[in-house]
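The values are calculated or read from the model by the stated rules, or taken from the named source; none is laboratory data. No experiment lies behind these values; they were computed from the predicted model shown. Positions of Cβ are generated from backbone atoms using ideal geometry, with glycine treated the same way; all protein chains shown enter the neighbour counts.
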Amino acid sequence: MNRLRLVHPSNYCQFHYYYTRHNHPRNLSTFTRRLFKLPSPPTLSVNHHDLPTFLTHASRTSLPQTTTTYIGTHYEYIVQQTLRRSAFLLSRTGGRLDAGIDLLGTWHLPQHEHPVRTIVQCKSLKAKAGPNIVRELEGTFHQAPVGWRTRNNSHTLGVLVSPRETTKGVRDALARSSYPLMWMMVTRDGTVRQALWNARAEEMGLGGLQVEVRFDIGDGGGHGGGDGKHVVLTWDGEEMPHMDVVERQMERVERDWLELFPGIEPGVVLETVEELFPGEKPWLYRRGCCGLSDEERDKVVERCRHTS
């Protein structure tokens, strides 16, 4: 039986002043996604793609805030925005053909050159959740888009998010599951209160992941009382980077990588590299930014100039 790793606010308790930023999600270009071999995101809604655009759409269409559509969609975007602070890059799926998946994307763990493919179900529940929601999430692995269907489902993480704490039944179901699964309690205002994951998730590379409790200025008096207590995800003792930080690093590495092929159109370089060396992608954390040897880069340049 898989051992469930539970990290609860009673553990890793630290008093810390914390400032939360609310940034608009940025959209990586198609070129950058291809270059770093990120799966293509779902087609975005023409009406909204993040919390600010949804709020504008809801106001323009006079969508009542009491409807299930408003409540559910609003919570999904709250989760998208909240998880982005921990290096999740997620897009909302929406529509009738979403296969039960609310958010889809990648999790960019520190020192990991290959981000974790991630599928997210948001359960905006008022009542406590039962173990059936774990089975529902397991079912989405087989219906996920091609970019998120991996061999033996060992490289895709399933995340359940709810504004309520997990129950014993849910924890037991997570522990028994043969899928890499994670549970996060995220309140409707975007506060993370709980995070836990099973052994299969840890086996896929989450060994450095931990959770710390922190307290906001002016909430609970810095002594853990009131609503000021929340948790943050950390990696090897350091707070997980904001996705904005990861994207800026990707932009710098992309620029350095392209400078290795001066005077050649970026699109031509990428197509040629994909043809000659399909496994090549820029390095974010290793020394240098390119895995190609000098001879291999010369071969790319020669092919590009021959075809242009």
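The requirement of being surrounded by fewer than 21 Cβ atoms within 10 Å (Cβ to Cβ) and closer than 30 Å to residue 279 by Cα is fulfilled somewhere in region 44-60, by at least one residue.
Residues in region 108-164 that are under 12 Å from the mean Cα position of the chain (by Cα), farther than 20 Å from residue 280 by Cα and of a type in the set (A, V, I, L, M, F, W, C): 119, 120, 157, 159. The residue that is surrounded by the most Cβ atoms within 10 Å (Cβ to Cβ), counting only those in region 189-217 that are of a type in the set (A, V, I, L, M, F, W, C) and assigned to a loop (DSSP other than H, G, I, E, B), is 206. Residues in region 59-81 that are touching a residue at least 60 places away in the same chain (Cβ under 8 Å) and β-branched (Val, Ile, Thr): 78, 79. For region 29-39, filtered to residues that are in a loop (DSSP other than H, G, I, E, B) and over 14 Å from the mean Cα position of the chain (by Cα), the residue that is surrounded by the most Cβ atoms within 10 Å (Cβ to Cβ) is 36. Taking region 113-162 as the range and being surrounded by 15 or more Cβ atoms within 10 Å (Cβ to Cβ) and part of a helix (DSSP H, G or I) as the test, the residues that pass are 133, 134, 137, 138, 140, 141, 147, 148, 153. Against the list (1) touching a strand residue (DSSP E or B) at 6+ places or on another chain (Cβ under 7 Å); (2) farther than 20 Å from residue 194 by Cα; (3) among the aliphatic types (A, V, I, L, M); (4) in a loop (DSSP other than H, G, I, E, B), the condition residue 104 fails is (4). Can you tell me which residues in region 144-173 are of a type in the set (S, T, N, Q) and farther than 15 Å from residue 195 by Cβ? Passing the criteria: 150, 152, 153, 154, 156, 167. Just checking, which of 95, 100 is in contact with a Ser or Thr (Cβ under 7 Å, 6 or more places away or on another chain), surrounded by fewer than 24 Cβ atoms within 10 Å (Cβ to Cβ), at pLDDT below 95 and assigned by TED's automatic domain parsing to the domain that holds residue 188? Testing whether each residue is in contact with a Ser or Thr (Cβ under 7 Å, 6 or more places away or on another chain), surrounded by fewer than 24 Cβ atoms within 10 Å (Cβ to Cβ), at pLDDT below 95 and assigned by TED's automatic domain parsing to the domain that holds residue 188 leaves just 100. On the given criteria, is residue 55 out of contact with any Pro (no Cβ under 6 Å at 6 or more places or on another chain), part of a strand (DSSP E or B), assigned by TED's automatic domain parsing to the domain that holds residue 160 and modelled with pLDDT of 95 or more? Considered against the rule, which asks whether it is out of contact with any Pro (no Cβ under 6 Å at 6 or more places or on another chain), part of a strand (DSSP E or B), assigned by TED's automatic domain parsing to the domain that holds residue 160 and modelled with pLDDT of 95 or more, residue 55 comes out as no.
Restricting attention to region 163-178, the residues that are touching a strand residue (DSSP E or B) at 6+ places or on another chain (Cβ under 6 Å) and crowded, with 20+ Cβ neighbours inside 10 Å add up to 2.
To keep it simple, each residue is scored yes or no on (1) modelled with pLDDT of 90 or more; (2) surrounded by 12 or more Cβ atoms within 10 Å (Cβ to Cβ); (3) closer than 24 Å to residue 30 by Cα.
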| site | (1), (2), (3) |
| --- | --- |
| 220 | no, yes, no |
| 230 | yes, yes, no |
| 233 | yes, yes, no |
| 244 | yes, yes, yes |
| 265 | yes, yes, yes |
| 271 | yes, yes, yes |
| 279 | yes, no, yes |
| 307 | no, no, yes |
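Please work out if residue 94 is over 21 Å from residue 179 (Cβ atoms) and outside any loop (DSSP other than H, G, I, E, B). So residue 94 does not fit the description; no.
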